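No value in this document is a laboratory result; all are computed from the given coordinates. Predicted model only: the values in this text are computed from it and were never measured. When we count neighbours, we look across all protein chains shown, and the Cβ atoms used for this are built from the backbone with ideal geometry, even at glycine.
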Amino acid sequence: MSYLLQLLVSGLVVGSIYALAALGFVLIYKSSRVINFAHGQFIAVGAFLVYALVVYLGANVGLALAAALALTAGLGFLVEKLFLRPLVGQPIISVIMVTIGLASLIDGLVHLTPLGGGNFSLPRFLPEGGIAFLGVSVSYPQVLAVVLTLVFLLAFGWFFQRSTLGAAMRAVADDQMAAMSLGVSVEHVFALAWAAAGITAAAAGFIVGTISGINLQGLVAIGLKVFPVVILGGLDSIPGAVVGGVIIGVLENLATGYLDPLIPGGGTGEVFPFLVLLLVLWFKPHGLFGTEEIERV
Amino acid sequence: MRRIATLLALLFGMALAQEVHLMWSGAITGPTSDAGKYYAQGIEDYCKYANQEGLTGGLRIVCETRDDQYNNANTQRNFEQALERGDPAFLGYSTGGTLQLKPLIQEVGMTFIPASYHIGNIDPPNSDYLFLPIASYSEQVIALLEYIAKQEPGAKVALAVHPSPFGRAPVPDAKKAAAQLGIQIVEVQEMTKGLDYTATLKRFANEGVEYIVYQNVAGPVATMVKDAKRLGLTIKHAGAHYAGGPDLLRLAGDAAEGFIWVTSYYMPDEDVPAAAFVRKLGKRFKRPADTLESVHYPSGMLAAAIAIEAIKRAHAAGKPVTGDPGRAAVYQQMLGLDFDPGLAVGPVTYSKEDHVGVDKLRVLQARGGRFVPITKPFQSKLFRKVHYGK
């Protein structure tokens, strides 16, 4: 029983990291319908910024994280202004190509720094060990991952429901033309969405870096994990990102725990979530919580 | 005045020296660039050193390191360009790229020295021109199993391998060797880079696994050993060349304590001439601390040293060292190469039948934040028996 419980809890933890990583992706898609293929690179930049601030400048981890969140938000804002804004109204394929190009550009820029091709880890800032209950063990970095995800979800929940800017973002997501006619600056909303995505990406990068070390490829790979998560949850749904992340995380763990011994070589944790994804999309093509867009002609 | 004259003579000599190009194609960016970056630096620095110190037999070796981003198509394009230019040998990198190029390498007869120690590189067919710098992954893993069998006869072992030809390479030989050593291989688990390996580790623990032997890269191994420590498991961890080393220490910290690792290279902090030489070269070419700490830096040096030695000997024998005849001449030298560049725990010896350079390995263990040798250099007793049946 404790085995199953451990798998579920570990899946929940991993899923919450996926959800945090997916949040920024959804924010951008929700407001501007742009699929950001450079999201993994944003996650990596966030992690590298925290590392550089802590190791090279001797900053406190909390302070470094706050600075990294702000800097990555600035990066998102800048990217939108420089690369995405000129493409408003252009074919979606152009926008996709720009984000792919952006991924290569950021990769290249990171490789020009001493951090590009190496393996690094943040100096320990949490106590060793973790929390144990009912035969289940969770490390402190994993606890931090869950807490940070919850904090960001609550913060974004409040922001979208209660703040004027959040309401403006929801309005743009629902109908850009109607929002513009009511005086909402769509350009401003787009830039804000990219900045918010930068913040969540940096938080995800920090968490991944704390748990499994800082390596460009490893961090970018988390950005790719976001795709099944958001497709399952719904590309434009914030609760969908959370539910999708948790489902993928739990399925990975259950498959590894119970199916791997039955398959030579194992590795079912990598495949099984996609099988479930296919099954879900069969019945819900827009994902579990995605908006169904019905076009009448 | 004399200095100026010497300098002028040197420059004049260099201008007259025949240039021979030597290309390396590997991952300076992209997957595994955490190893490739330092490997490339090792090649560049050894090449400069050999030219500066006159170790090239009057030739000027122009080493060119190209980033193929771990992409086989890029590797092939680079190989074809080197071939077209008349390079006499080629330094490769990945398992996939090397295995894919085997038929072409055989067809054109170009000496090829990869950074991948996959035994399939030098197994027939199409393996005449491939030369491993050190013992294969299969031999490394069997050496670990031999060590484990000595420590804990009848131990239960799980193999945790990368989901690729690189990871799977030693599995068949390891299974055969385990059977002969009385070790039980409980499970072979393929593992990618993940955020949590609790499920795998708990399963291993339930199956009574005592050792996990990794044929993987340092990233996933680090997360695995950290998770094992968190779960309070007493399973011991051991790994082949690319699974351990300073990268693992950097990523896993204290959790790597006790990790058993096998390699043919010296550690950068060891008090031996090889390590001092690597440090000297790193300082001479102003490499940062992380380069000096990396085991991939001397690995690149060794690959360059092997190729340069063969080219030098071909030239000394009065043979051409470029184009079709150059490839043939360098290959002939490779077949009889026997020298010690002092970069690994044994000499480099090749013959028509033996395409492994450094045959010796050492087992090391992470103790107090560094890897220390716990065996003398040795050769696996079982590897040849299980792989070649002799």
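Applying 1/(1 + (r/R0)^6) with R0 = 51 Å to the Cβ-Cβ distance of A:PHE283 and A:VAL55, what FRET efficiency is obtained, to the nearest 0.05?
0.55
Under 17 Å from the 7 Å Cα→Cβ point of A:ILE263, by amide nitrogen: which residues of region A:216-251?
Once the point is set 7 Å along Cα→Cβ of A:ILE263, A:228, A:248-251 turn out to lie under 17 Å by backbone N, inside region A:216-251.
Mind checking the mean number of beta-carbon atoms from other chains within 10 Å of the Cβ atoms in A:139-146?
2
Are any of the pairs B:LYS102/B:LYS319; B:LYS102/B:LYS360; B:LYS176/B:LYS381 more than 18 Å apart by Cα-Cα distance, and if so, which?
Too far apart for the 18 Å limit: B:LYS102/B:LYS319; B:LYS102/B:LYS360.
Anyone know which of B:GLY323, B:GLY300, B:GLY194 comes out most mobile in the 10 Å Cα GNM of chain B?
Most flexible of the set in this elastic network: B:GLY194.
Distance in nm between label sites at A:LEU182 and A:MET97, each 7 Å beyond Cα in the beta-carbon direction?
3.6 nm
Evaluate the relative contact order of chain A (contact order divided by residue number), counting alpha-carbon pairs under 8 angstrom at least 6 apart; express in whole percent.
Once divided by the residue count of chain A, the mean separation gives 36 percent.
Within 15 Å, Cβ to Cβ, of B:ALA17, how many net charges do the neighbouring residues add up to if Lys/Arg are +1 and Asp/Glu are -1?
+1
Rounded to the nearest 500, what is the 222 nm mean residue ellipticity of the protein assembly as shown from helices alone, with -39500 (n - 2.57) per DSSP H run of 4+ residues and division by all residues?
-18000 deg cm²/dmol
Counting alpha carbon pairs within less than 8 Å and at least 6 residues apart, what relative contact order, in whole percent, applies to region B:102-177?
So the answer I get is 29 percent.
Expressed as a whole number of Å, what is the distance separating the alpha-carbon centroids of region A:6-22 and region B:110-163?
For region B:110-163 versus region A:6-22, the Cα centre distance is 36 Å.
How charged is the neighbourhood of B:TYR211? Take every other residue with its Cβ under 9 Å from the Cβ of B:TYR211, and add Lys/Arg as +1 and Asp/Glu as -1.
0
What's the FRET efficiency of B:ARG60 with B:ILE374 using the Cβ-Cβ distance as r and R₀ = 60 Å, to the nearest 0.05?
0.90
Using only the alpha carbon atoms of region A:17-226, find the Kirkwood hydrodynamic radius as the inverse mean reciprocal pair distance, in angstroms to one decimal.
When all Cα pairs of region A:17-226 are included, the Kirkwood radius is 17.7 Å.
Modelling each spin label as a point 7 Å along the Cα-to-Cβ direction, I'd like the A:SER104/A:LEU8 distance in nm, to one decimal.
For the pair A:SER104/A:LEU8, the computed spacing is 4.7 nm.
Report for chain B the percent antiparallel among DSSP-assigned beta bridges with both residues inside it, nearest 5.
Taking every DSSP beta bridge with both residues in chain B, the antiparallel ones total about 30 percent.
To make sure I understand, if each residue's beta carbon is the centre and we count other beta carbons within 10 Å, what order do A:LEU82, A:LEU122 fall in, fewest to most?
A:LEU82, A:LEU122
If each residue of separation counts as 0.36 nm, what is the full-extension length gain between B:SER351 and B:ALA179 once their alpha-carbon separation is subtracted?
58.9 nm
If you wrap a convex hull around the C-alpha atoms of region A:3-114 and split its volume per residue, what is the figure in Å³?
141 Å³
What is the distance, in nm, between label points placed 7 Å from the Cα along the Cα-to-Cβ direction at A:GLN90 and at A:THR113?
The modelled label-to-label distance comes out at 2.7 nm.
For a footprinting-style exposure proxy, rank B:ASP34, B:ASP354, A:ASP236 by other Cβ within 10 Å, fewest first.
Taking fewest neighbouring Cβ atoms as first place, the list is B:ASP354, A:ASP236, B:ASP34.
By the scheme Lys and Arg +1, Asp and Glu -1, what is the net charge of all other residues having a beta-carbon under 14 Å from that of B:SER164?
0
Just need the relative contact order of chain B here, percent rounded to a whole number, with Cα pairs under 8 Å and 6+ apart.
Over chain B, the number comes to 18 percent.
Sort largest first and round to whole Å: the equivalent ellipsoid semi-axes of chain B, each the square root of five times a Cα gyration tensor eigenvalue.
Whole-Å semi-axes of the equivalent ellipsoid: 37, 22, 18.
Out of the trypsin sites (Lys or Arg not before Pro) in region B:266-371, which ones are loop residues according to DSSP with at most 15 other C-beta atoms within 10 Å?
B:LYS286, B:LYS352
With r defined as the distance between the Cβ atoms of B:GLN100 and A:PHE159 and R0 fixed at 51 Å, what FRET efficiency is calculated, to the nearest 0.05?
E between B:GLN100 and A:PHE159, to the nearest 0.05, is 0.50.
So what are the ³J(HN,Hα) numbers for region A:9-17, from phi and the Karplus equation (6.51, -1.76, 1.60; θ = phi - 60°), rounded to whole Hz, Gly and Pro as x?
Each residue of region A:9-17 in turn: 5, 4, x, 4, 5, 4, x, 5, 5 Hz.
Taking 0.36 nm per intervening residue step and subtracting the Cα-Cα distance, what contour gain separates A:LEU134 from A:PHE274 on full extension?
Full extension of this stretch gives 47.3 nm more.
Among A:SER16, A:SER121, A:SER237, which one shows the highest mean-square fluctuation when chain A is modelled as a Gaussian network with alpha-carbon springs under 10 Å?
Of A:SER16, A:SER121, A:SER237, the most mobile in the Gaussian network model is A:SER121.
In square nanometres, what is one fourth of the surface area of the convex hull spanned by the alpha carbons of the protein assembly as shown?
34.5 nm²
How much of the DSSP bridge set in the protein assembly as shown is antiparallel, in percent, rounded to the nearest 5?
That works out to approximately 35 percent antiparallel.
Listing A:LEU20, B:LEU104, A:LEU65 from the residue with the fewest other Cβ atoms within 10 Å to the one with the most, what is the order?
B:LEU104, A:LEU65, A:LEU20
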